[in-house]
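Enquirer: Before I ask anything, here is the structure I am working with.
No lab work stands behind these numbers, since they all come straight from the coordinates. Computed from a predicted structure; not experimentally measured. Quick reminder, even Gly has a Cβ in these numbers, built from the backbone with ideal geometry, and neighbours come from all protein chains shown.
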Amino acid sequence: MEKIANFFKSFLLVELLKGMALTGRHFFARKITVQFPEEKTPQGYRFRGLHALRRYANGEERCIGCKLCEAVCPAMAIHIETEERSDNTRRTTRYDIDLVKCIFCGLCEEACPVDAIVETRILEYHGENRSDLYYTKPMLLAVGAKYEEQIAKDKASDAKYR
Ligand code: SF4
Ligand code: SF4
C-alpha cells in the first residue's frame, strides 16, 4: 500500500509542487535581507567591535598599566609596557593590540578595573596588510577620543546589569 502511495506521489510530482508552493510563498513575502552597507542592522550596547583606549574628562589616561587585560587575553593579542611617573603613578609606555590575533571575546574589557580598554560599535574598518591591523596606543587613544560620547552612553546603559 505504501509503495502504491509513493508511486502516485512521484508520478504526480507532489514533492516538487510542495517545493514550488513554498518558493511562491516566500517570493511574495516581505524581504528580510538587509542591503548592507546602505542599511544597517541594530546594534546592542555590548557590541564588540574595534577597540579603544579611553581618557577621563580631564584628559588623563584611564589605563593604570595593571596588565589584567594582557593576562586575560586568550589570543595573546595585547602587549603592554609600563613605567612609573614622577608622581608615583604608573602608566603605559606601550599598549598594542594585534587585531589579526584578536577574537573579539571582550575579556579585556571585562577585566579592566577602570573601563580603560573597551570595544566600540565600529565594525567598518579594514587593513590592506597585516601591519594596518596592529593598533598601537596612539591609535587606540584616537579611537577612544573620537567615540567617547557613544562609549560613555553604552557603558551607562550597561551599568545597571553589573
Ligand atoms: S577581545 Fe579578547 S582576544 Fe581581543 S584583545 Fe580583548 S581579550 Fe584579547
Ligand atoms: S586597559 Fe585596564 S586592564 Fe588593561 S592595563 Fe590598562 S587598566 Fe589594566
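Enquirer: Could you put H51, H79, H26, H126 in order, starting from the residue whose Cβ has the fewest other Cβ atoms within 10 Å?
Expert: Sorted ascending by nearby Cβ count, the order is H126, H26, H79, H51.
Enquirer: Can I ask one more? Which cysteines in the chain lack any other cysteine whose Cβ sits under 4.7 Å from their own Cβ?
Expert: Result for the chain is C63, C66, C73, C102, C105, C112, no neighbouring Cys Cβ within the cutoff.
Enquirer: OK, next. Rounded to the nearest Å, what's the spacing between the alpha carbon centres of the stretch 1-17 and the stretch 43-99? Just the number, please.
Expert: If you average the Cα positions of each part, the centres end up 66 Å apart.
Enquirer: What are the principal axis extents of the Cα atoms in the chain, in Å, biggest first?
Expert: In descending order, the Cα extents are 91, 36, 29 Å.
Enquirer: With each label point set 7 Å from Cα along the Cα-Cβ vector, what nm distance links E2 and M76?
Expert: 5.8 nm
Enquirer: Check cross-link reach from K18 to the lysines: straight Cα distance under 22 Å, and skip same-chain residues fewer than eight apart.
Expert: Qualifying lysines at Cα under 22 Å: K3, K9, K31.
Enquirer: Over the chain, what is the mean sequence separation of C-alpha contacts under 8 Å (at least six apart), divided by residue count, expressed as relative contact order in percent?
Expert: It rounds to 26 percent for the chain.
Enquirer: Also, quick follow-up: Ranked by Cβ crowding within 10 angstrom, fewest neighbours first, how are M139, M1, M20 ordered?
Expert: Details: M139 17, M1 5, M20 12.
Ordered by Cβ neighbours within 10 Å, fewest first: M1, M20, M139.
Enquirer: Under DSSP H, which helices of the chain have Cα atoms covering 20 Å or more of the helix axis and a Kyte-Doolittle average no less than -1.0?
Expert: Span-like helices here: 14-28, 137-159.
Enquirer: Taking the beta-carbon count within 10 Å as an exposure proxy, list K40, K155 from fewest neighbours to most.
Expert: K40, K155
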